[in-house]
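Here the structure comes first, spelled out in structure tokens, and everything after it is commentary.
The values are calculated or read from the model by the stated rules, or taken from the named source; none is laboratory data. Remember, it's a predicted structure, so these values are computed and weren't measured experimentally. Because the Cβ atoms are built from the backbone with ideal geometry, glycine has one as well, and the counts that use them run over all protein chains shown.
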Amino acid sequence: MSNPCKRDKALTYALEIRKFEIELYWKRATYFWTFIGASLVAFIAIQSSNSLLAEYRGELTLLVGCLG
């Protein structure tokens, strides 16, 4: 059997790593949803545009669709 002190240290270290990984997960998820939201706003802006962008609407929609 291993030393109880070593097991406690290993468990504490594993819990710290787990907390760190969960924090990184939420940072990545926030970045992902922010990017998706920005893509949606760009898509809506392109579709509702009546200015010079209207002639490039198809290409811009495709570009935003590929990015988002």
Of all residues in the range 30-66, which are under 13 Å from the mean Cα position of the chain (by Cα) and either hydroxyl-bearing (Ser, Thr, Tyr) or at pLDDT below 90 (or both)? Thr30, Tyr31, Thr34, Ser39
Please tell me if Lys27 is basic (Lys, Arg) and over 21 Å from the mean Cα position of the chain (by Cα). no
Yes/no for Ser39 being surrounded by 10 or more Cβ atoms within 10 Å (Cβ to Cβ), outside any helix (DSSP H, G or I) and free of Cβ contacts under 8 Å to residues at least 60 places away in the same chain: no
